Amino acid sequence: MPSGASELSGGSPIRITDIGHSTMLIELAGMKILTDPWFAEPFFGVVAHPRGIGMTVEDLPALDLILVSHDHFDHCDFKALSRMDKAASVIAPDTKTAARIQKLGFGDVTVLRPWESRFVSKITVTALPGDHPVTECTYIAAFGDQSVYFGGDTKYIKDFREIGDRFDITVALLPVSGVTLPMAGRVVMDPVEAAEAAVLLKAPVAIPIHYNMSLRIPVLKGLFERAAPGTPEQFVAEVDRRNRQIKVVTLKPGETWQSK
Ligand SMILES: [Zn+2]
C-alpha cells in the first residue's frame, strides 16, 4: 500500500466481526466499536438469539465506542451494558436511552440526532436517519478514506440516496429480516429493500445483519419466523440482480471480514 493511502486509513484495515443479530464489533483505525449490544436471551430465554452468539460480554476487547441505534431489547441490552467496561464512549439516539445508559456508570454518553456528528478520538461518527416504531438512528463511523455504515434495524428510508451521495462508504451493514407486525406493518427492511439501499449507498461491500430471529416456544416459532422471513441468501440474490459490483459478505457468528 502506498504510504499516502496508509496514512489515510490509519494503516490498518477495517475488521468486522459478527457477534450476532445487529451486534457487530467494528475495528476502524485501530479503534474498537460495538454496535447494538444484545447478549442476553430475555423473557426467560423465550426469544432465542437467532444464530447463536459469536462472543460473550467477557470475551469483548476493550471498547472505545458503543453505538446504540434504538432502545429495543435486541439492540440495547442494558444488562450486558452494565457488565461492560464503562470507559467506552456511547452514542444513543434519544435522551431517555442515553440517561438509562448513563445510570449504568458510563461517563461519556452523547445523543446525536440525524446528520449530527462528533469525534470520538480520531474517528468521526455521524448519526443518520432511521425509521422504526421507536426513535432510531443509523450511523456512519469514518476515518480518512474508510467508513462503515450501520443500519440498525431500520425500515427502508428515502435518505439512503443522500447518504450514499454524501459519504464514501467502504462497507454497509444492512438489516434484511423484513419484520412485519400485525399492527405496525413493515418495521425492518426486507432483502429487496436492503438491496435497493445497498445500491443507493454505493458501498462496494455489504454485510447482512438482523435475520433468523426465533422463539423457543414451538407453537409460536412458526408465527415468529413468518413475521421475519428475510434471509441473507435472498439479499445476495437481490443485490446480484441489481449490481454485480457490490460484494455481499455473509458472516457466521464469531466470523470476521477484513478490508484490503
Ligand atoms: Zn427494533
*asked:* With within 16 Å of the ligand (Cβ to nearest atom) and out of contact with any helix residue (DSSP H, G or I) (no Cβ under 6 Å at 6 or more places or on another chain) as the only criterion, which of GLU136, GLU162 stands out?
replied: GLU136
*Can you give me the number of residues within segment 144-154 that are within 16 Å of the ligand (Cβ to nearest atom) and either closer than 13 Å to ALA29 by Cα or in a loop (DSSP other than H, G, I, E, B) (or both)?*
4
_Condition met for THR250 (more than 16 Å from the ligand (Cβ to nearest atom), in contact with a helix residue (DSSP H, G or I) (Cβ under 7 Å, 6 or more places away or on another chain) and on the phi < 0 side of the Ramachandran plot)_ = yes
_Suppose we keep only residues that are within 16 Å of the ligand (Cβ to nearest atom), among the small types (Gly, Ala, Ser) and crowded, with 21+ Cβ neighbours inside 10 Å within segment 167-206. Which one would you say is modelled with the lowest pLDDT?_
GLY178
_Single match in VAL125, VAL111 (criterion: more than 16 Å from the ligand (Cβ to nearest atom), touching a residue at least 40 places away in the same chain (Cβ under 8 Å) and surrounded by 15 or more Cβ atoms within 10 Å (Cβ to Cβ))_ = VAL125
*Pairs where the first residue, in segment 239-260, is closer than 21 Å to MET189 by Cα and surrounded by 17 or more Cβ atoms within 10 Å (Cβ to Cβ) and the second is at pLDDT 95 or above and hydroxyl-bearing (Ser, Thr, Tyr), C-beta under 8 Å, 6+ apart*: LEU251/THR17
*Selected residue (only one of ASP59, ASP77 is within 13 Å of LEU34 (Cα to Cα), free of Cβ contacts under 8 Å to residues at least 60 places away in the same chain, acidic (Asp, Glu) and within 16 Å of the ligand (Cβ to nearest atom))*: ASP77
_Verdict on VAL148 being modelled with pLDDT of 95 or more and over 17 Å from the mean Cα position of the chain (by Cα)_ = no
*ALA99 is checked against (1) more than 20 Å from the chain's Cα centre (by Cα); (2) within 16 Å of the ligand (Cβ to nearest atom) and fails just one. What number does that condition carry?*
(2)
*List the strands (runs of 3 or more DSSP E) that sit entirely inside segment 42-143 and contain at least 1 residues that are of a type outside the set (Val, Ile, Thr) and at negative phi.*
65-67, 89-92, 117-120, 123-129, 137-143
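The values are calculated or read from the model by the stated rules, or taken from the named source; none is laboratory data. Only a predicted model underlies this, so the values are computations on that prediction, with no experimental measurement involved. Neighbour counts are summed over all protein chains in view; Cβ atoms, including those assigned to glycine, are modelled from backbone coordinates with ideal geometry.
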